[in-house]
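The values are calculated or read from the model by the stated rules, or taken from the named source; none is laboratory data. Note that the structure is predicted; figures quoted are calculated from it, not measured. Note: ideal-geometry Cβ built from the backbone for every residue, glycine included; neighbour counts use all protein chains shown.
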Amino acid sequence: MDVNLDETAKTVRVDETILYPNHSAETLNDLVLAVVPNLWPDGFTLSALSVDDAPITVYGLNGQQLNFVLPQPLQPGGAARLSIQYTLKLPYAPQTDPNDERPRIYGYTDRQINLTNWYPFIVPRDPQNGWLLHDPWFYGEHLVYEAADYTVNLKADPALVVASSGAAEPNGEWTRYTLQAGRAFIFSMSRDYQVESQQVGDVTVYSYFFAPYERSGKLSLTASAQAVELFSQKFGPYPHKTLSVIMGEFDDGMEYSASYFTSKSYYDRYQGEPSNPIMSMHVVYLAAHETSHQWWFEKVANDQALEPWLDESLAAYSERIFYEHYQPDQLSTWWYVRSDVYNPQGMVDIPVYEGGGYRPYTNATYFVGAHFLEDLRARIGDEAFFAFLGDYAAQMSGKIATAADFFRILRQHTGQDISDILVAYFRSPH
């Protein structure tokens, strides 16, 4: 992608090329792309679209979906080259629907520009269910991502400090960013970012934050670096060379490739009460949670709309692994503050659409899910449990995992009867 940002006009002009290999066993006659910016009025203007240099003039662009018939059927093992030129008109991010419980990330605030889910991408294709592009919801995530290699050239005002998913290098009047096997490439830019960094082996962890949040920014940096080190030991190598920790001007965390946003509200609390261990715990557990998504979202993807527990339960439980290793004296406090204070209930394997609201949804998929993993670990033992997690990450690396994959690999590591645990936590038998 060649990306031109007009900071004053809050527009982005993009020339994008996608080389799409057909790894399926079926001949493809059409393609479906997710175009999330089109959910905003005048947010996406398509200038040109072609496949293998053949112009596409008949297409559907409705909501977040762009679909069209291919000029020639795409055979298994073949590849198609898509060229797309378009302009984005960025929305003002703080303008939110009062019924929308999701953080508004994409767009701009008075001091931050965030490009998240900003470019058209070909959605995965399931042999039984076709193209996987689910409807957005009021909370949680709905997109499913294939792994892809990215080369992104950015032209923007040099005064902007840029956080991204990719490693940066000069490229004439551009800056080139590259990322291998990523799910969702992002940019976040501001004239006001302060930046700290820390090295973990050959991985550089960056923390981007605003004044006067230096204390919180450094705490997130330290916790994220610790998490990279620990989870690399427990789950397998960290998949990239950089990790960007970005202070977002919204009240939640959100993971992307080699990057995540962390909550301003947690930074506010810690800045106000730095001596209160509970306030620092909020910053730390969110750092551990979002860093773990580099394994449970990035390395191993899943259907975030229909099986959200596959990444969120594992990410929540990764917080527990972090605390038992680095702050074991705080483990019981973490369980209470993070989970049990909410008296979490519900079945783990609910789709996002059946969550019943943000709190009931997170209670079930995050915290009941974490208790499921705790009970599973107790039943099969630490050796089998961690061997399973490492093997699950290895076998499903670069793929889109399902619950069937999770339990198939689990049963390769234990012969223990866990049927009672599954009945207690899951609607569907496995």
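At-a-glance table
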read-out: Flag if SER207 is of a type outside the set (A, V, I, L, M), assigned to a strand (DSSP E or B) and surrounded by 19 or more Cβ atoms within 10 Å (Cβ to Cβ); value: yes
read-out: Residue among GLU249, GLU290, GLU319, GLU273 that alone is outside the structural domain of ARG215 (by TED's automatic domain parsing) and either buried (at least 24 other Cβ atoms within 10 Å of the Cβ) or farther than 25 Å from ALA401 by Cβ (or both); value: GLU319
read-out: Residue within the stretch 324-344 that is in the same structural domain as THR414 (by TED's automatic domain parsing), assigned to a loop (DSSP other than H, G, I, E, B), within 20 Å of the chain's Cα centre (by Cα) and at pLDDT 95 or above present; value: no
read-out: Residue list for the stretch 117-146, filter: of a type in the set (Gly, Ala, Ser) and crowded, with 18+ Cβ neighbours inside 10 Å; value: GLY140
read-out: Residue list for the stretch 385-430, restricted to those being in contact with a Gly (Cβ under 9 Å, 6 or more places away or on another chain) and small (Gly, Ala, Ser); value: GLY390, ALA393, ALA394, SER397
read-out: Residue within the stretch 182-191 that is surrounded by 24 or more Cβ atoms within 10 Å (Cβ to Cβ), among the charged types (D, E, K, R) and not in a strand (DSSP E or B) present; value: yes
read-out: Residue match in the stretch 52-63 (condition: β-branched (Val, Ile, Thr) and more than 17 Å from ILE18 (Cβ to Cβ)); value: yes
read-out: In the stretch 271-283, the residues that are closer than 20 Å to LEU331 by Cβ and at pLDDT below 90; value: ASN276, PRO277, ILE278, MET279
read-out: Subset of the stretch 8-24 [within 17 Å of PRO158 (Cα to Cα) and out of contact with any Phe, Trp or Tyr (no Cβ under 9 Å at 6 or more places or on another chain)]; value: THR8, ALA9, THR11
read-out: Output for the stretch 192-204, where each listed residue is of a type in the set (Asp, Glu) and not in a loop (DSSP other than H, G, I, E, B); value: GLU196
read-out: Residue selected from the stretch 222-240 under the condition without any contact (Cβ under 8 Å) to a residue 60 or more places away in the chain and surrounded by 19 or more Cβ atoms within 10 Å (Cβ to Cβ), by the criterion nearest to the chain's Cα centre (by Cα); value: TYR238
read-out: In the stretch 26-63, the residues that are small (Gly, Ala, Ser) and under 26 Å from LYS10 (Cβ atoms); value: ALA34, GLY43, SER47, ALA48, GLY63
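For (1) closer than 15 Å to SER207 by Cα; (2) modelled with pLDDT of 95 or more; (3) in a loop (DSSP other than H, G, I, E, B); (4) among the polar types (S, T, N, Q), each residue gets a yes or a no:
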| site | (1), (2), (3), (4) |
| --- | --- |
| SER224 | yes, yes, no, yes |
| GLN233 | no, yes, no, yes |
| LEU243 | yes, yes, no, no |
| GLU255 | yes, yes, no, no |
| SER265 | no, no, no, yes |
